[in-house]
Structures are given as structure tokens and as C-alpha cells.
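The values are calculated or read from the model by the stated rules, or taken from the named source; none is laboratory data. Bear in mind the structure is a predicted one, so any value in this text is a computation, not a measurement. So basically every Cβ, Gly included, is an ideal-geometry build from the backbone, and we count neighbours across all protein chains shown. When the accessible area is computed, the model is the full protein with side chains, heavy atoms only, and any ligands, DNA or RNA have been set aside. Shrake-Rupley method; radii C 1.70, N 1.55, O 1.52, S 1.80 Å.
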Amino acid sequence: MSTTTAARPKKQQSANSDEPRRRWWPRRRVGVATDRERGASRRASAPRVDPRISARRAEVTRRQGRRRLAVLVAVVVLAGAAVGSWFLLHTPMFSAKVVTVEGAVHTPAASVAAAAGLASHPPLLDVNTGAAATAIEALPWVKSAQVRRSWPDGVRITLTERTPAAVVAHTGGFDLVDATGRVLASQPSAPSGLVHLVVPGTVPAAGASLSPAAAPGLAVLTSLPAAFAAQVSTVSVDATARSAWRSRRR
């Protein structure tokens, strides 16, 4: 008697299920290498470097790093020294406390210091010698000025003053002028030994110059021979800019 066993049907996915079959391992494309595999391949195919060359390269890299560090430290130290020096030179220890004026006869030393901006004793480092000299030369009697620093706390000023060449009369007094027409000072009486210059117009204040109309008279003053100049008492310039001179009476 034979027994027939029916074949067990395979389990099939339900036709009503929409869930796809899960895969538990990544799919790998055949013939495509991963990044790790490519890196390992390059390292394997690269030529081997002599350890001595590697050590030499590392030493060069360390030396470059030390050199850059040394340069950076030097820059920081120099910057700190510059800042410290700036603050030190702006302390009262290095201020312009001693002002020496040489060559001043008619110009007070206090006026010279005030014109140069030194009356407040500024830091010596901030004293502009060129600007100070220009300001001093604007004073009536000063023809030229030279300003020098004298460390640690002094300024030396050397003046060259102007020389009176004539006297100009005006209401209330007399003005001294030099050969260029610069008005030097005013005084109540006429000084002796100077030629009287008569010019049209008004006389400006001390430190200014006579008008261009006085140029012919000044030209006569500067052209007179020394032996003959002592005999001239007056040089006059009329409104038409013509000059004339008159001899002194003996």
C-alpha cells in the first residue's frame, strides 16, 4: 500500500501587502572601488621614502617654525619698546623746560618762547623746529631764527635781528623800518643818525611792511654810498612814486 504525500506549497508574499522585501546587506556595484580601497592602493603603489629623507624634511619644517616664531617675538618686542619709549618721552622728564635764546637784543626771550609754542613746556619730542623757527621769524625784529633741541629738556634758539635803516614819522611818534620796509618798532621820539623816510599813506603796525609805494625811497636808501649816506637827512616819496632826497645841514 503506497502513501502519497502532497507537496507543501511555498510561502508566497501576500498579494495585498505593499511592503517591499527588506535587504540586510548593502548592494555593491561590481568593478567600483571604494575610497578606502583607492587610498590603500595608492599607498601600496607609492615608492618607499628613505627614513633619512623623512627625518630631514621634518627637521626643515621644525626650523622654519622656529624661525617664524623668532620673527614674531622680535616684532612684538620692538613694538612694545616703541610704545614704551613714546610714553617715556612724553613724561615731564623730557619736556622743553629750558629755553635758551641767543642773539636777541630787541626781542624779549619770553616773546620768542611764546611764538615758538614753548611757553607751556611741551614734550621735547613734539617740538617742530621748522614750524617754531617760522613763527619766530614773524616777530618784528627777527630776520632769521634757528631752533635746535637740546636733550633731555632744552631748546636752543639762535636769532639774527634786523637793522634799522630809516625812521618814518606818523601821528603820535616815529616808526623804525629796515631796508626792506619792515616796520620794527614805534617810539615817541626820532632816533639820531637815521634818515627820515617820508612815504604816502599810513604806516602799518610793527611786524608788517610799508606799502609798495615806499619802494622807490627804500631803493634810494640802499643805493647810497656809505660815505655819502651820512649827509642825507630825508628821503621823500610823493604820490606819483617819485623819490627825492635832501642833504643834512651842517
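Quick look at the values:
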{"item": "Length released on extending from residue 88 to residue 233, taking residue separation times 0.36 nm less the Cα-Cα span", "result": "46.1 nm"}
{"item": "Per residue accessible area in Å² of the range 84-232, where ligands, DNA and RNA are left out and the probe is 1.4 Å", "result": "50 Å²"}
{"item": "Label-point separation in nm, residue 138 to residue 71, each point 7 Å along Cα→Cβ", "result": "4.8 nm"}
{"item": "Extended-chain gain in nm, criterion 0.36 nm per residue less alpha-carbon gap, residue 224 and residue 58", "result": "50.8 nm"}
